[in-house]
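Report on the structure given below.
Every number here is computed from the coordinates shown, using simple stated rules; none is lab data. Computed from a predicted structure; not experimentally measured. Ideal geometry is used to build each Cβ from the backbone, glycine not excepted, and the neighbour counts take in all protein chains shown.
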Amino acid sequence: MIQSMTGFGKSIFQLPSKKITVEIKSLNSKNLDLNARIPSQYREKELLLRNKISRALTRGKVDFSVFIEVTGEDTTAVVNPAVVKKYMAQLNEIVPGDETELLKMAIKMPDALKTEREEIDTKEFESIEEAVEEALREINDFRTAEGKALENDLVQRARNIQDLLKKVIAMDPERIDGVRERLLKGVAELKENVDENRFEQELVYYIEKFDITEEKVRLENHMDYFLKTMDSLDSNGKKLAFISQEMGREINTIGSKSNYAPMQQLVVQMKDELEKIKEQLLNVL
């Protein structure tokens with residue numbers, strides 16, 4: 001079973017005076033790239049939350065956000081009177097005006113409000129942890145559903161390559177006969193007497209150079225291993241990518257050795273299917 005690296009999870013907890021919202025979204029990445037945005041009073045707990053997310057998601061470019069909205073009267077932000085008065089005095093020197101209007105402008109200036117550092121509320125942080133776990137469950141469900149769609153497409157394209165390989169195998173005797181006929185025709189056109197034994201030896205050597213038996217067997221094995229890996233319990237996009245690279249090597253070698261237009265056309269189709277597989281694997285966990 002494979003999973004996608006793309007996903008989104010969200011959880012909202014309502015406390016008596018605060019609403020906590022946790023969001024986790026992920027995109028594809030070679031490794032885990034976690035960006036966290038949490039309220040300053042919980043910075044000392046950031047590592048704990050990062051470890052929790054890292055264990056659950058493994059890979060991907062992950063954005064993790066915690067938003068806390070005060071819904072009651074409880075607040076730690078207070079007006080800084082000295083700063084506000086100083087701003088008002090400076091503004092009044094520039095353009096004399098009504099004190100109410102000056103206050104409206106001054107209160108928006110930097111440091112007009114000061115926030116007293118809050119101690120970590122244990123119950124509130126427990127709620128944040130619960131929200132993170134719920135968001136992780138949601139994003140993993142999302143990844144699994146996306147992975148199912150990816151799996152269906154990857155299996156279909158792998159089957160297409162297998163079908164094309166069967167056509168290559170069926171066409172191979174015809175290709176070898178064609179090579180033999182071209183060589184015989186070339187020698188006949190020379191109108192020269194040749195040593196039959198030597199010619200046969202050269203013919204065998206030439207045909208062996210273009211023999212693709214090993215490549216066909218290896219490609220079949222790679223395809224079976226690819227599908228078997230997809231059926232495993234763990235999602236392993238990196239392993240599937242490595243196998244697809246080996247598949248590509250065998251397909252390329254078959255194409256370079258074929259020296260036969262109908263077979264090269266099949267190889268082009270195989271390459272096209274493989275490129276689509278590689279593109280999809282970029283998003284597999």
Within the chain, longest stretch free of exposed GluC sites (Glu not before Pro) [DSSP loop, at most 15 other beta carbons within 10 Å]: 193-285
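Test of understanding: what is the full-extension gain from V70 to R180, defined as 0.36 nm times their sequence separation minus their Cα-Cα distance?
Working: separation 110, 0.36 × 110 = 39.60 nm, distance 8.41 nm.
Result for the pair: 31.2 nm of gain on full extension.
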Set of lysines near K148 by C-alpha distance (under 24 Å), chain-local residues within fewer than 8 positions excluded: K10, K25, K30, K61, K228, K238, K239, K271, K276, K278
Share, in percent, of DSSP beta bridges within the chain that are antiparallel, nearest 5: 80
20 Å reach of a label modelled at K148, 7 Å along Cα-to-Cβ, counting backbone N of segment 1-23: 1-10
Reachable aspartates and glutamates from K123, criterion Cα separation under 14 angstrom, eight or more residues apart if same chain: none
Relative intensity, log₁₀ I(q)/I(0), of the chain from a Debye sum that treats every alpha carbon as a point, q = 0.11, 0.12, 0.14, 0.16 Å⁻¹: -0.82, -0.88, -1.01, -1.14
Added length on full extension, which subtracts the Cα-Cα distance from 0.36 nm per residue, K10 to E214: 68.3 nm
